[in-house]
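Undergrad: Sending over a structure as structure tokens; questions will come in a sec.
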Amino acid sequence: MDGLKIERLSKSFGALQVLRNLSFMIRAEEKRVVIIGPNGAGKTTLFNCISGELPPTGGTVTLFGRDVTHMPPYRRTRLGLARTFQVTDLFPYFTLMENLLLAFQAHDPCRYNMIRSMAAHGHLYDKAEKLLKELKLWEKRDFPVTSLSHGEMRLVELMLGIAGAPNILLLDEPTAGLTCSEGVWLAGVIQELLKDVTLLIIEHDMQIAFALAERIIVLHQGEIVADGKPEEIRANTKIREIYLGTCYG
Amino acid sequence: MTETTQRWKSIITAACFGAFALVVPALPEYAVTLATSILITSIYVSSANLLTGYTGLVSLGQAIFWGSAAYVVAILSVRAGITNFFLLLLVALCVVVLISAFFGVLALRVKRLYFMIVTFAFGHVVWCVAMYPMQGITRGYDGIKDIARPDLGLSISLTSGAQFYYFVLVIAALCFLFIYLVTRSPFGRAMMGIRDNEHRMVALGYNTFLYKYITYVLSAIIAGIAGMLFAYFNGYVNPAELHWLWSGDALMMMFIGGIGTLWGPLWGALAYTGLRYWISSYTMYWFGIEGIIFILVVLFFRGGIAGFVAGMQRRLSGGRTKD
Amino acid sequence: MEFSVAVAQVLNGIAFGMLLFLLAAGLSLMFGLMGVVNLAHGAYFMVGGYVGLTILEMTGSFWLAILGGAASGAFLGFLTERFFMRRVYGLHGHESILLTFALSIVLSDFSLFLWTGTPRWVQPPGFLDFSFSFFGNPYPAYRLAIIAVGVLVFIVLYLFQEKTLWGAIVRAGVDDKEMATGLGINIPLVFTAVFCLGAFLAGFGGFVGAPILGLHIGLDVEIIMLALAVVIVGGIGSLPGCLTTCLLLGLSDTLGKVMWPKYASLTIYLVVVIVLLVKPSGLFGKETR
């Protein structure tokens with residue numbers, strides 16, 4: 001079954017063309033697709049077009065069989081798509097618990113209720129409690145979210161993405177800013193927690209990328225230069241040239 | 001302090017204020033008039049607070065709804081002879097909802113700063129319209145006078161100061177209760193999420209435009225209710241009630257009282273009205289002095305009076321807080 | 001309307017547009033460079049006029065009065081920037097609007113205290129206090145002088161902006177603050193300088209405009225409303241665009257007051273609303289990121 005289909009996607013900012021005629025497909029059965037590529041390749045722009053933050057200049061984005069190319073971002077989330085951001089983007093004045101409640105509330109029919117208090121909607125608290133305990137952050141639930149460590153905040157960033165039980169989750173450099181070991185730890189958490197969710201991950205850390213991936217797509221200057229299993233990519237000399245320069249090829 | 005202890009403290013504080021509010025009519029007449037004025041103004045400021053303090057949309061156009069509702073009362077009761085309060089309420093709210101529904105759809109599409117400027121510009125247009133093209137109905141600069149106290153159609157009379165005061169008190173209490181409920185509800189949490197990080201709210205799947213739109217219309221309705229009460233209270237309505245300076249005053253009061261807090265609007269209205277009344281007996285430059293106070297608050301006391309009070313409470317209870 | 005009267009009104013409109021330009025140029029630069037909307041700008045205009053009047057009464061010298069008026073504007077601008085604007089640069093735009101709104105109220109009451117509510121008039125200086133004969137009707141030479149002054153100021157500002165290093169620095173700052181700071185440019189100093197320059201022009205305009213507009217409490221509000229309309233409708237980032245919009249609005253306001261006085265302000269602000277909703281960056285403005 002089609003999960004995500006990108007056809008001839010292009011995006012230009014004035015004279016600068018960031019994405020050129022991209023086409024690829026991710027089936028719902030695929031679980032771990034990693035996008036790698038040097039800086040400026042257009043990875044985050046690609047995510048922005050998929051999630052709806054930026055309208056593409058050309059081409060289409062199809063989600064579960066529906067054309068979402070010009071659909072507003074919030075409606076794509078309703079269809080089962082979610083994303084996290086490279087720069088942690090939480091609700092700075094809320095506690096950890098409140099951040100999560102907002103995320104769980106987004107897909108709940110109670111979200112327009114103006115009269116009964118939040119506390120009366122216990123089912124949201126239950127969901128948050130379950131997730132917090134699973135990730136061992138339950139004790140810090142009433143802390144202002146900005147008082148958490150950077151690694152913990154990346155975890156919260158992840159939690160906001162999975163709260164809506166998405167079918168496809170876009171992870172934009174989930175380990176950004178973390179140390180090597182923290183990154184490995186977070187990758188482990190991702191593997192454990194999101195076994196049944198299709199993940200499309202942008203990753204800069206090659207070790208983590210190759211460890212997580214079932215399939216790797218390599219982006220360079222807005223085009224796909226390679227798309228296949230990790231072993232194939234590893235053996236590909238052209239990729240090595242792109243990353244390391246021809247003198248190392 | 002546990003949640004329950006804190007809850008009891010709030011209830012007791014509210015009860016004390018409530019008790020005080022109930023015995024106000026025992027004071028001399030000027031105090032009752034002052035108190036009524038403060039209550040009406042606090043409803044107006046709390047409408048701005050709902051929009052700005054809780055949702056983050058700064059609007060310089062609240063006077064549009066205050067003034068429109070006031071004019072509906074003035075025009076229909078004085079010039080058309082319709083005096084039934086509930087009928088006037090229905091018409092005033094319809095007018096206010098129509099204006100805010102129409103204008104909101106357009107204005108909420110632009111960025112925050114431009115939203116503020118366009119509400120200011122639209123407010124000015126509405127003021128101009130009341131002054132000149134609609135002069136036949138609104139009597140322009142002269143305004144409409146001799147508005148009688150509300151006729152509830154029941155046997156209760158509202159002509160005395162004390163009776164009208166209680167009437168306003170009940171309505172104010174209902175408005176504040178409504179705002180209290182909304183801000184603690186899922187809708188309210190979403191509003192605050194939009195205020196703090198709209199980008200993330202969109203990514204989470206919220207239709208943020210709808211939330212902002214509903215809040216805008218709601219705040220217009222509350223401002224309209226305040227405007228109606230004002231028409232009855234003042235007996236006289238003129239275009240100043242539509243002027244952007246009055247919208248600016250709402251923002252000033254909101255900041256002075258404490259933006260984004262439940263009681264901030266009441267504090268702000270109290271400070272503003274009380275100060276105006278007190279200062280103007282010494283000097284005619286009370287507006288300038290209000291300006292100085294506002295500047296001081298914005299620069300040094302960002303939590304306003306409510307923030308100051310909360311700080312005092314924290315210090316008195318031993319300084320144990322979660323932040 | 002007779003032809004000669006029409007021409008006179010058009011010239012009045014252009015002269016008024018030039019006065020607006022003195023205000024709008026500074027306002028637009030402040031918004032473009034620092035993201036602040038300075039509602040006190042009208043107050044600088046009014047106070048500059050009053051201070052100039054006082055100096056004129058004390059010394060009899062029109063030139064000293066102009067200097068004094070402009071200097072008082074610059075001084076107020078300096079105080080505003082140094083003590084108020086510095087604290088709100090990083091914050092949302094509305095903080096600057098509210099603060100400067102409060103500041104203008106304070107300045108207005110202060111002026112009321114110092115100069116009372118009686119409207120004042122200023123005589124044009126001796127050498128300009130005559131009339132040309134225009135199509136058979138007399139037309140004050142002073143107003144033509146104002147038009148000339150406006151053109152001169154525009155040329156100076158334009159050359160400054162396009163041809164000098166300082167102008168390039170300001171333009172760089174408008175385009176990309178962080179980059180400019182990274183290049184070693186002292187941005188706080190540039191901000192203060194721009195603020196003072198804008199306020200200087202406002203104070204200057206307030207006094208040289210006094211023989212035409214008079215001086216009264218409330219002038220600050222009237223003039224800032226129009227200057228704001230110019231900046232919104234015309235957009236920021238283009239000096240010729242600003243001048244054009246000033247002339248357009250000056251003409252609309254002047255002719256409007258003559259031909260349909262009840263609807264002049266209404267029409268102008270209706271245009272403002274439409275521009276804000278359709279193209280918020282203004283007619284001549286450059287799209288910001």
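The values are calculated or read from the model by the stated rules, or taken from the named source; none is laboratory data. Bear in mind the structure is a predicted one, so any value in this text is a computation, not a measurement. Quick reminder, even Gly has a Cβ in these numbers, built from the backbone with ideal geometry, and neighbours come from all protein chains shown.
Undergrad: Working only within region B:99-114, note down all residues that are of a type in the set (Phe, Trp, Tyr) and either touching a strand residue (DSSP E or B) at 6+ places or on another chain (Cβ under 7 Å) or within 21 Å of B:Tyr71 (Cα to Cα) (or both). Let's see the steps before the verdict.
TA: Residues of region B:99-114 of a type in the set (Phe, Trp, Tyr): B:102-103, B:114.
Of everything in region B:99-114, those that are of a type in the set (Phe, Trp, Tyr) and either touching a strand residue (DSSP E or B) at 6+ places or on another chain (Cβ under 7 Å) or within 21 Å of B:Tyr71 (Cα to Cα) (or both) turn out to be B:Phe102, B:Phe103.
Undergrad: Among the candidates A:Leu9, A:Leu46, A:Leu22, which residue alone is assigned to a helix (DSSP H, G or I) and crowded, with 21+ Cβ neighbours inside 10 Å?
TA: A:Leu46
Undergrad: If you check B:Ala35 against the conditions, is it part of a helix (DSSP H, G or I) and closer than 21 Å to B:Leu242 by Cα?
TA: no
Undergrad: For region C:42-85: of the residues being within 13 Å of chain B (Cβ to nearest Cβ) and free of Cβ contacts under 8 Å to residues at least 12 places away in the same chain, which is nearest to C:Leu19 (Cα to Cα)?
TA: For region C:42-85, the residue satisfying everything is C:Leu79.
Undergrad: Still on this structure: Out of all the residues in region A:49-71, which are touching a residue at least 40 places away in the same chain (Cβ under 8 Å) and surrounded by fewer than 18 Cβ atoms within 10 Å (Cβ to Cβ)?
TA: Residues satisfying the conditions are A:Thr57, A:Gly58, A:Thr60, A:Thr62, A:Phe64, A:Gly65.
Undergrad: Another question, then. Any idea which of (1) assigned to a helix (DSSP H, G or I); (2) at pLDDT 90 or above; (3) under 23 Å from C:Val170 (Cα atoms); (4) among the hydrophobic types (A, V, I, L, M, F, W, C) is the one C:Leu39 doesn't satisfy?
TA: The number of the failed condition is (1).
Undergrad: In this structure, does A:Ala226 turn out to be in contact with a strand residue (DSSP E or B) (Cβ under 7 Å, 6 or more places away or on another chain), small (Gly, Ala, Ser) and under 30 Å from A:Leu131 (Cα atoms)? Step through it out loud before you land on a result.
TA: Numbers: in contact with a strand residue (DSSP E or B) (Cβ under 7 Å, 6 or more places away or on another chain): yes; small (Gly, Ala, Ser): yes; under 30 Å from A:Leu131 (Cα atoms): no.
No; evaluated as a whole, the condition is false for this residue.
Undergrad: Counting only residues that are among the aliphatic types (A, V, I, L, M) and more than 9 Å from chain C (Cβ to nearest Cβ), which one in region B:258-293 is farthest from B:Ala35 (Cα to Cα)? Before the answer, list the steps.
TA: First pass over region B:258-293, keeping only residues among the aliphatic types (A, V, I, L, M): B:259, B:262, B:266, B:269-271, B:275, B:279, B:284, B:289, B:292-293.
Now drop any that are not more than 9 Å from chain C (Cβ to nearest Cβ), which leaves B:259, B:262, B:266, B:269-271, B:275, B:279.
Numbers: B:Ile259: 22, B:Leu262: 18, B:Leu266: 11, B:Ala269: 10, B:Leu270: 8, B:Ala271: 12, B:Leu275: 13, B:Ile279: 17 Å.
By that ranking, first place goes to B:Ile259.
Undergrad: While we're looking at this one, here's another question. Would you point out which residue out of C:Gly250, C:Gly205 is within 19 Å of B:Cys128 (Cα to Cα) and small (Gly, Ala, Ser)?
TA: Details: C:Gly205 fails: within 19 Å of B:Cys128 (Cα to Cα).
Step by step, each of C:Gly250, C:Gly205 is checked, and only C:Gly250 is within 19 Å of B:Cys128 (Cα to Cα) and small (Gly, Ala, Ser).
Undergrad: Going by what's in this entry, would B:Phe255 be described as over 14 Å from the mean Cα position of the chain (by Cα), closer than 25 Å to B:Tyr54 by Cα, facing chain C (nearest Cβ under 10 Å) and crowded, with 20+ Cβ neighbours inside 10 Å? Let's see the steps before the verdict.
TA: Working: over 14 Å from the mean Cα position of the chain (by Cα): no; closer than 25 Å to B:Tyr54 by Cα: yes; facing chain C (nearest Cβ under 10 Å): yes; crowded, with 20+ Cβ neighbours inside 10 Å: yes.
No.
For every residue, the table says whether it meets (1) at positive phi; (2) within 10 Å of another protein chain (Cβ to nearest Cβ); (3) outside any loop (DSSP other than H, G, I, E, B).
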site: A:Glu30; (1), (2), (3): no, no, no
site: A:Val34; (1), (2), (3): no, no, yes
site: A:Thr60; (1), (2), (3): no, no, yes
site: A:Val87; (1), (2), (3): no, no, no
site: A:Phe104; (1), (2), (3): no, yes, yes
site: A:Ala128; (1), (2), (3): no, no, yes
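Undergrad: Something else about it: Within the group C:Ala199, C:Ala264, C:Ala210, C:Ala227, which residue is buried (at least 24 other Cβ atoms within 10 Å of the Cβ), among the small types (Gly, Ala, Ser) and touching an Asp or Glu at 6+ places or on another chain (Cβ under 9 Å)? Spell out how you get there, then give the answer.
TA: Working: C:Ala264 fails: buried (at least 24 other Cβ atoms within 10 Å of the Cβ); C:Ala210 fails: touching an Asp or Glu at 6+ places or on another chain (Cβ under 9 Å); C:Ala227 fails: touching an Asp or Glu at 6+ places or on another chain (Cβ under 9 Å).
Unique residue meeting the criteria: C:Ala199.
Undergrad: When you check C:Met85 against the structure, is it in contact with an Asp or Glu (Cβ under 7 Å, 6 or more places away or on another chain), assigned to a helix (DSSP H, G or I), buried (at least 20 other Cβ atoms within 10 Å of the Cβ) and hydrophobic (A, V, I, L, M, F, W, C), yes or no?
TA: On the way: in contact with an Asp or Glu (Cβ under 7 Å, 6 or more places away or on another chain): no; assigned to a helix (DSSP H, G or I): yes; buried (at least 20 other Cβ atoms within 10 Å of the Cβ): yes; hydrophobic (A, V, I, L, M, F, W, C): yes.
For C:Met85, the condition - in contact with an Asp or Glu (Cβ under 7 Å, 6 or more places away or on another chain), assigned to a helix (DSSP H, G or I), buried (at least 20 other Cβ atoms within 10 Å of the Cβ) and hydrophobic (A, V, I, L, M, F, W, C) - is not met.
Undergrad: Please work out if A:Ile216 is in contact with a His (Cβ under 9 Å, 6 or more places away or on another chain) and farther than 19 Å from A:Arg154 by Cα.
TA: Values: in contact with a His (Cβ under 9 Å, 6 or more places away or on another chain): no; farther than 19 Å from A:Arg154 by Cα: yes.
No, not satisfied.
Undergrad: Given C:Val221, C:Val231, C:Val273, which one is farther than 25 Å from B:Pro133 by Cβ, at pLDDT 90 or above and within 14 Å of chain B (Cβ to nearest Cβ)? So that I can check it myself, show each step before the final result.
TA: On the way: C:Val221 fails: farther than 25 Å from B:Pro133 by Cβ; C:Val273 fails: farther than 25 Å from B:Pro133 by Cβ.
Just one listed residue meets the conditions, C:Val231.
Undergrad: Further, regarding this structure: Do you know which residues across region C:2-36 are part of a loop (DSSP other than H, G, I, E, B), surrounded by fewer than 20 Cβ atoms within 10 Å (Cβ to Cβ) and at negative phi? Give the derivation first.
TA: To start, the set of residues in region C:2-36 that are part of a loop (DSSP other than H, G, I, E, B) comprises C:2, C:35-36.
Going one step further and asking which of them are surrounded by fewer than 20 Cβ atoms within 10 Å (Cβ to Cβ), we end up with C:2, C:35.
Across region C:2-36, the qualifying residue is only C:Glu2.
Undergrad: Just need a number here: residues in region C:145-170 that are closer than 18 Å to C:Thr244 by Cα and aliphatic (A, V, I, L, M).
TA: 11
Undergrad: Please go through region C:218-247 and pick out each residue that is assigned to a helix (DSSP H, G or I) and farther than 17 Å from C:Ile97 by Cα.
TA: Passing the criteria: C:Leu219, C:Val233, C:Gly234, C:Leu239, C:Pro240, C:Gly241, C:Cys242, C:Leu243, C:Thr244, C:Thr245, C:Cys246, C:Leu247.
Undergrad: Within region C:162-191, can you find the residues that are modelled with pLDDT of 80 or more and surrounded by 15 or more Cβ atoms within 10 Å (Cβ to Cβ)?
TA: Across region C:162-191, the qualifying residues are C:Val190, C:Phe191.
Undergrad: For the list (1) at pLDDT below 90; (2) farther than 25 Å from A:Pro73 by Cβ; (3) among the charged types (D, E, K, R), I need the number of the one condition that A:Lys229 fails.
TA: A:Lys229 satisfies all of (1) at pLDDT below 90; (2) farther than 25 Å from A:Pro73 by Cβ; (3) among the charged types (D, E, K, R) except (1).
Undergrad: Could you please let me know if C:Phe127 is over 20 Å from the mean Cα position of the chain (by Cα), in a helix (DSSP H, G or I), farther than 25 Å from B:Glu290 by Cβ and more than 7 Å from chain B (Cβ to nearest Cβ)? Even if it seems obvious, please write down each step before you answer.
TA: On the way: over 20 Å from the mean Cα position of the chain (by Cα): yes; in a helix (DSSP H, G or I): yes; farther than 25 Å from B:Glu290 by Cβ: yes; more than 7 Å from chain B (Cβ to nearest Cβ): yes.
When the stated conditions are applied, C:Phe127 passes them.
Undergrad: Same structure, new question: Would you confirm whether any residue within region C:141-160 is touching a strand residue (DSSP E or B) at 6+ places or on another chain (Cβ under 8 Å) and surrounded by 12 or more Cβ atoms within 10 Å (Cβ to Cβ)?
TA: Pass one, region C:141-160, residues touching a strand residue (DSSP E or B) at 6+ places or on another chain (Cβ under 8 Å): C:141, C:144.
Now restrict to residues that are surrounded by 12 or more Cβ atoms within 10 Å (Cβ to Cβ): C:141, C:144.
Yes, region C:141-160 has at least one match.
Undergrad: From B:Gly140, B:Gly161, grab the single residue that is within 14 Å of chain C (Cβ to nearest Cβ) and over 30 Å from C:Lys279 (Cβ atoms). Walk me through it before giving the result.
TA: Details: B:Gly161 fails: within 14 Å of chain C (Cβ to nearest Cβ).
Answer to the check: B:Gly140.
Undergrad: Oh, and also: Considering each of C:Ser265, C:Ser281 in turn, give the residue that is in a helix (DSSP H, G or I), within 14 Å of chain B (Cβ to nearest Cβ) and among the small types (Gly, Ala, Ser).
TA: Unique residue meeting the criteria: C:Ser265.
Undergrad: Is it the case that C:Thr100 is without any contact (Cβ under 8 Å) to a residue 40 or more places away in the chain, within 14 Å of chain B (Cβ to nearest Cβ) and not charged (D, E, K, R)?
TA: On the way: without any contact (Cβ under 8 Å) to a residue 40 or more places away in the chain: no; within 14 Å of chain B (Cβ to nearest Cβ): yes; not charged (D, E, K, R): yes.
Spelling it out, it is not the case that C:Thr100 is without any contact (Cβ under 8 Å) to a residue 40 or more places away in the chain, within 14 Å of chain B (Cβ to nearest Cβ) and not charged (D, E, K, R).
Undergrad: Just to be sure, is B:Tyr71 hydroxyl-bearing (Ser, Thr, Tyr) and either surrounded by fewer than 18 Cβ atoms within 10 Å (Cβ to Cβ) or assigned to a loop (DSSP other than H, G, I, E, B) (or both)? Can you show your working first?
TA: Numbers: hydroxyl-bearing (Ser, Thr, Tyr): yes; either surrounded by fewer than 18 Cβ atoms within 10 Å (Cβ to Cβ) or assigned to a loop (DSSP other than H, G, I, E, B) (or both): no.
The answer is no for B:Tyr71.
Undergrad: I would also like to ask the following. Out of all the residues in region A:130-185, which are assigned to a helix (DSSP H, G or I), among the β-branched types (Val, Ile, Thr) and more than 14 Å from chain B (Cβ to nearest Cβ)? I'd like the intermediate steps shown before the answer.
TA: Step one: list which residues in region A:130-185 are assigned to a helix (DSSP H, G or I), which gives A:130-134, A:138-140, A:145-147, A:150-162, A:180-185.
After this cut, where a residue has to be among the β-branched types (Val, Ile, Thr) as well, the list is A:145-146, A:156, A:162, A:184.
If the condition is that a residue be assigned to a helix (DSSP H, G or I), among the β-branched types (Val, Ile, Thr) and more than 14 Å from chain B (Cβ to nearest Cβ), then A:Val184 is the only one that fits.
Undergrad: Follow-up. Of the residues that sit in region B:196-215 and are more than 9 Å from every other protein chain (Cβ to nearest Cβ) and under 17 Å from B:Gly260 (Cβ atoms), which one is surrounded by the fewest Cβ atoms within 10 Å (Cβ to Cβ)? It would help to see each step written out before you state the result.
TA: Kept after step one, since they are more than 9 Å from every other protein chain (Cβ to nearest Cβ), are these residues of region B:196-215: B:198, B:212-213, B:215.
Going one step further and asking which of them are under 17 Å from B:Gly260 (Cβ atoms), we end up with B:198, B:212, B:215.
Working: B:Glu198: 18, B:Lys212: 22, B:Thr215: 24.
Per the criteria, the residue is B:Glu198.
Undergrad: Taking the residues in region C:103-124 that are part of a loop (DSSP other than H, G, I, E, B) and more than 14 Å from chain B (Cβ to nearest Cβ) as candidates, determine which candidate is farthest from the chain's Cα centre (by Cα).
TA: First, pick out the residues of region C:103-124 that are part of a loop (DSSP other than H, G, I, E, B): C:116-119, C:121-124.
If we keep only those that are more than 14 Å from chain B (Cβ to nearest Cβ) as well, we get C:118-119, C:121-124.
Values: C:Thr118: 23, C:Pro119: 21, C:Trp121: 20, C:Val122: 19, C:Gln123: 21, C:Pro124: 20 Å.
Checking each candidate, the answer is C:Thr118.
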